[in-house]
Amino acid sequence: MASTALPPALATRSIPFSFPGHRRLIYSPAGFGPKSIGGSNRFFHPFRLHYRLLRVASERQIKDPVSEEGCQDALSSTVYDASTIASNILYHAELTPSFSAGHLHLPKAYFATAESVRDELMKNWNATSSYYEKINMKQAYYLSMEFLQGRALLNAIGNLDLTGQYAEALKKLGHKLENLAGQEPDAALGNGGLGRLASCFLDSLATLNYPAWGYGLRYKYGLFQQTITKDGQEEVAESWLELGNPWEVVRHDVSYPVRFYGKVVLGSDGRKHWIGGENIKAIAYDVPIPGFKTKTTLNLRLWSTKVPAKDFDLEAFNAGKHNQANEAHANAEKICYVLYPGDESAEGKILRLKQQYTLCSASLQDIIASFERRSGNSVNWKEFPSKIAVQMNDTHPTLCIPELMRILIDLKGLSWKEAWSITQSTVAYTNHTVLPEALEKWNLELLQKLLPRHVEIIEEIDHELINNIISEFGIQDLSMLEQKLKDMRILDNVDFPDSVVELFNKAKTISEGKSEKKLLVKSLELTTTDVASENSGTMDEAEEVSDVAKPEGQLEEDEDSTSADLSWLKSSPKLQKVVRMANLCVVGGHAVNGVAEIHSEIVKKDVFNSFYRLWPEKFQNKTNGVTPRRWIRFCNPELSKIITKWIGTEDWVVKTEHLEELKKHADNEDLHMEWRAAKTSNKMKVVSLVREKTGYIISPDAMFDIQVKRIHEYKRQLLNILGIIYRYKKMKEMSAQERISSFIPRVCIFGGKAFATYVQAKRIVKLITDVGATINHDPDIGDLLKVVFVPDYNVSIAEILIPASELSQHISTAGMEASGTSNMKFAMNGCILIGTLDGANVEIRQEVGDENFFLFGAQAHEIADLRKERAEGKFVPDPRFEEVKKYVRSGAFGPYNYEELMRSLEGNEGYGRADYFLVGKDFPDYLKCQDKVDEAYRDPKRWTKMSILNTAGSHKFSSDRTIHEYARDIWSIQPVPLP
């Protein structure tokens with residue numbers, strides 16, 4: 001994007017000016033002298049920079065920033081006019097430069113502007129942290145492997161309510177704000193909905209003044225940058241940190257040791273000690289998270305990994321063994337290189353596990369240090385859950401549970417009973433999936449090797465769980481008890497304790513009538529390794545257990561009396577021994593929540609049913625939400641102005657229930673005209689984006705039909721593209737006039753990344769791009785149908801596509817999408833959804849109205865029977881589905897062999913076969929529903945009303961509502977506005 005050239009004098013002419021106690025140089029471009037910017041006094045307005053985030057309570061500035069007077073002084077001292085902002089930008093261009101002195105070109109102007117904005121954030125950031133230190137309230141900590149933040153500049157100045165001032169200031173300096181914002185790369189800290197949700201939550205927490213921090217990892221190369229070539233998707237490393245990141249502050253004084261491997265020994269102090277192995281250091285990088293029109297600015301702390309310089313083997317380096325010399329540094333630094341490194345190899349699995357443990361260990365050490373610091377000289381560990389709430393975003397941070405136990409027992413000297421009570425009261429778990437492969441299971445041998453102390457702790461938790469299960473469910477129904485133990489145990493394919501084997505043998509003997517006396521079980525003796533110190537009370541404070549009482553006169557049974565029916569009590573050498581991380585999350589936390597009503601019901605009735613029956617009070621629903629600041633107010637300013645005009649207030653940005661007021665205007669012709677004009681304006685931006693990214697020219701007069709999300713078989717991009725292929729084939733069979741009368745013009749836009757090792761997903765990307773290359777160059781079709789795959793989909797691209805969308809596809813196999821959040825963003829921006837009754841689609845349809853949602857497909861409760869029907873060979877595919885597959889195989893879309901992709905939709909059984917995601921089953925209903933879409937779009941009045949009602953009905957799906965629920969029901973925290 002080109003920028004307005006600055007006057008040549010900007011690169012050559014500078015004048016000195018004074019700050020109190022020292023001198024500075026600042027550019028004075030020709031034509032932009034002191035008088036033209038606003039007078040010499042304002043141009044040379046002295047200002048203070050605040051770069052300090054307090055870490056210890058004893059640190060104080062001369063004027064205490066925690067006092068109300070100090071906070072007000074710090075937050076109110078700057079005059080926010082365009083001239084002062086321009087001065088500040090030029091100051092940073094000269095004195096905190098990332099580029100050579102001279103011309104204020106676009107990248108340099110971006111960095112200087114970002115640093116100027118950070119000055120303002122710093123004041124609120126420091127004041128927020130200091131205030132929290134002083135009042136020592138309960139604080140929530142959100143741990144996530146992903147934070148998909150997007151660009152920060154426009155979001156920050158929008159939340160500071162300084163967009164107009166910065167636009168004017170940059171205009172004075174010869175730049176446009178939107179051009180400058182385009183210089184910022186997206187932070188490569190996430191991939192999909194998991195990371196975007198986490199970022200929305202941080203925005204809402206700050207806006208609502210809740211005390212909270214986020215913790216994640218600082219990935220140097222992100223997931224990957226996606227490029228589309230003739231061979232399909234290719235991956236290269238992200239380059240987002242190559243020029244530095246002006247939004248982060250490295251905290252050299254905040255670092256923690258993290259250990260891998262080694263061994264566990266019993267020390268002379270009676271405690272377990274984890275020693276030896278590989279040691280690294282986690283360094284904190286902090287990113288400010290400003291709230292909307294509030295002083296509260298929270299912190300996202302990202303960990304980077306390194307080792308000290310002394311670990312560089314200089315002797316080996318000088319001997320020419322360069323790789324060996326740098327081995328320790330390379331092993332440490334690669335932990336934070338890539339998000340979700342491939343785990344096909346043993347090395348990849350180890351690296352993923354190192355990532356997860358680094359996040360958990362460094363974050364918990366930091367949280368505990370804060371708790372101890374705020375407690376002063378009177379640390380009371382019983383108060384820990386009343387001051388700290390830890391939320392695990394999916395299973396990636398599961399190691400928080402054994403790590404918190406390790407620190408409390410081994411380092412702080414608590415008993416097992418005390419540590420377990422604290423851990424269960426502190427930690428909570430959000431489940432994001434019902435897919436078996438996404439419910440993490442770690443190889444026990446690998447975990448034992450990498451984290452030996454944690455395996456001891458997990459084994460003890462597992463043993464206590466077994467005891468609890470038998471105590472709760474009893475032994476009257478052995479088959480039921482067997483099923484509970486299989487479902488609920490944390491360790492899978494690991495031998496049960498001998499006492500459990502003995503219990504089942506005796507119970508089975510009695511149940512078979514070999515004894516008429518009733519088997520009485522007082523308790524169960526579990527023989528385990530003592531995982532806590534002899535003085536910590538691990539075993540002596542645990543519940544005493546005794547042998548199973550023997551019927552009078554019964555002889556001792558042979559030691560090995562396990563029958564073939566009880567073989568499940570022993571491990572199978574053919575299977576891996578694994579740790580089921582989701583089960584550990586449920587056992588170790590006080591709350592488990594799903595992320596949509598239908599998902600939470602599946603969690604209770606299917607995924608964790610046995611746990612739900614044991615602990616129903618743990619299970620909750622927290623339907624996801626998205627921030628209306630980024631996803632309407634900032635990314636769609638045209639629509640935002642219309643909403644504010646017709647509602648009569650801008651309060652909807654923080655109180656989205658006001659959006660409902662649009663319903664009473666839904667038939668107003670004037671609103672319709674304004675609404676369509678805003679949509680057209682946004683569509684023109686997409687026309688430019690598509691041409692820039694792909695070279696394709698699309699018509700803004702066509703319907704924009706968009707599916708953007710991670711590429712996965714269950715999300716069914718394949719169903720979408722097969723439907724497009726059928727549409728294209730029918731067009732080709734018609735005359736030109738028939739085509740025009742039968743079909744509305746459509747631009748079908750795809751975006752999303754396929755995981756680098758997910759072969760089938762990459763085949764789907766290849767098919768989409770091949771279909772697009774064929775259709776887009778077919779002169780018979782013209783603008784009637786276009787297919788576009790936008791490469792390297794990210795937040796910034798979403799912020800352009802979503803406001804322009806008219807139809808959005810959320811067509812996952814029912815029961816497989818936990819929630820989704822892009823569906824909420826599309827609805828907020830007046831887009832009509834086509835989808836299944838899956839995830840948050842169910843609730844969106846309820847809110848916007850059945851008639852304003854295009855529904856198709858099998859429902860969640862039908863899926864199991866449909867798969868069974870398929871396995872029995874009873875499924876008969878629709879002839880149109882067979883026609884489309886044949887057309888793909890014909891080579892109509894190029895020479896690539898799509899046989900493996902098509903065969904995944906065929907057959908009745910086998911891995912990668914039998915159409916597991918029911919594309920063929922839902923295909924005819926999908927086509928029928930698309931005909932209804934065409935019919936509705938032909939009526940602009942009807943379509944516009946549907947669009948308005950989607951925005952009006954989207955109010956429930958604000959992340960503000962979700963955060964209020966988490967704060968009230970799980971974290972027990974209160975808003976803490978700064979004075």
Handout entry: Residue pairs, from the table 293/956; 730/921; 334/709; 825/956, whose Cα atoms sit over 18 Å apart
Key = 293/956; 730/921; 334/709
Exercise for the section: Subtracting the Cα-Cα distance from 0.36 nm times the residue separation, let me have the gained length for residue 886 to residue 263 in nm, one decimal. Expected result: 218.3 nm
Exercise for the section: Treat every Asp and Glu Cβ in the chain as -1 and every Lys and Arg Cβ as +1, leave all other atoms uncharged, and give the resulting dipole magnitude about the Cα centre to the nearest 20 debye. Expected result: 3480
Practice task
Kindly report the accessible area of the range 562-625 per residue (heavy atoms of protein chains, probe 1.4 Å, no ligands, DNA or RNA), in Å².
Solution key: 41
Handout entry: 29 Å Cα-Cα threshold exceeded, pairs from 108/230; 679/932; 220/349
Key = 108/230
Practice task
Using Cα positions and a limit of under 13 Å, work out the aspartates and glutamates in reach of residue 570, with same-chain residues fewer than 8 apart set aside.
Solution key: 482, 492, 495, 498, 502, 560
Problem - Dipole of the chain, positive direction: furthest Cα of 620, 414, 96, with charges on the beta-carbon - result: 96
Problem - Rounded accessible area per residue of the range 236-303, 1.4 Å, Å² - result: 41
Exercise for the section: Could you size up the charge dipole of the range 818-960 around its Cα centre, putting +1 on the beta carbon of Lys and Arg and -1 on that of Asp and Glu, and report it in debye to the nearest 20? Expected result: 300
Handout entry: Pairs of alpha carbons in the range 784-903 whose separation is greater than 23 Å (percent)
Key = 50
Practice task
Find the accessible area per residue for the range 652-716; the probe is 1.4 Å, ligands and nucleic acids are left out, and the unit is Å².
Solution key: 45
Problem - Listed residues 206, 712, 640: farthest to the positive end of the dipole of the chain (Cβ charges) - result: 640
Practice task
Restricting to the chain, compute how many DSSP beta bridges are antiparallel as a %, nearest 5.
Solution key: 45
Problem - Spatially proximal lysines relative to residue 574 (Cα-Cα < 19 Å; intrachain offsets below 8 disregarded) - result: 441, 486
Practice task
Would you check the accessible area of residue 883, probe 1.4 Å, heavy atoms only, in square angstrom rounded to 10?
Solution key: 50
Completion exercise
Short to long, in 10 Å steps from zero, the percent of alpha-carbon pairs of the range 298-356 per bin is 22, 38, 30, 10, 1
Problem - For the range 845-930, with +1 on Lys and Arg beta carbons and -1 on Asp and Glu, the positive-most of 893, 917, 876 along the dipole - result: 893
Practice task
Please report, in debye to the nearest 20, how large the charge dipole of the range 403-503 is about its Cα centre when each Lys and Arg carries +1 at its beta carbon and each Asp and Glu carries -1 there.
Solution key: 380
Exercise for the section: Subtract the Cα-Cα distance of residue 80 and residue 486 from 0.36 nm times their separation in residues, and report this length gain in nm to one decimal. Expected result: 139.8 nm
Exercise for the section: Multiply the residue separation of residue 729 and residue 178 by 0.36 nm, subtract the distance between their alpha-carbon atoms, and state the gained length in nm to one decimal. Expected result: 194.2 nm
Handout entry: Reachable lysines, given that their alpha-carbon falls under 18 Å from the alpha-carbon of residue 387 and they are not under 8 places away in the same chain
Key = 134, 138, 412
Practice task
Just round it to a whole percent: the fraction of Cα-Cα distances in the chain exceeding 52 Å.
Solution key: 24
Fill in the blank from the handout: Charge tally for neighbours of residue 343 with beta carbon under 10 Å away, counting Lys, Arg as +1 and Asp, Glu as -1, is 0
Completion exercise
Between residue 310 and residue 476, the two model label points (7 Å from Cα along the beta-carbon direction) sit apart by a distance in nm of 6.5
Problem - Two-site label geometry, residue 234 and residue 668: point separation in nm, points 7 Å out along Cα→Cβ - result: 5.3
Practice task
Pop out the carbon and sulfur fraction of the accessible area of the chain as a percent, whole number, probe 1.4 Å.
Solution key: 49
Exercise for the section: Compute the Cα gyration tensor for the range 603-703, then decide on rounded, prolate or oblate, letting a ≥ b ≥ c be the square roots of its eigenvalues: rounded whenever a/c is under 1.5, prolate when a/b is larger than b/c in the other cases, and oblate in all that remain. Expected result: oblate
Problem - Zone residues, the range 445-486, relative to residue 493, backbone N less than 17 Å from point 7 Å out along Cα-to-Cβ - result: 445-449, 486
Completion exercise
Under the 7 Å Cα-to-Cβ spin-label approximation, residue 938 and residue 99 lie apart by a distance in nanometres of 5.4
Problem - Whole-number D in µm²/s for the range 208-334 (Stokes-Einstein; Kirkwood sum over Cα pairs; 37 °C, 0.692 mPa s) - result: 178
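The values are calculated or read from the model by the stated rules, or taken from the named source; none is laboratory data. Just so we're clear, the structure is a prediction, and the values are computed from it rather than from any experiment. All Cβ positions, glycine included, derive from the backbone under ideal geometry; neighbour counts span all protein chains shown. Protein only, heavy atoms only, side chains kept; ligands, DNA and RNA dropped before computing areas. Shrake-Rupley method; radii C 1.70, N 1.55, O 1.52, S 1.80 Å.
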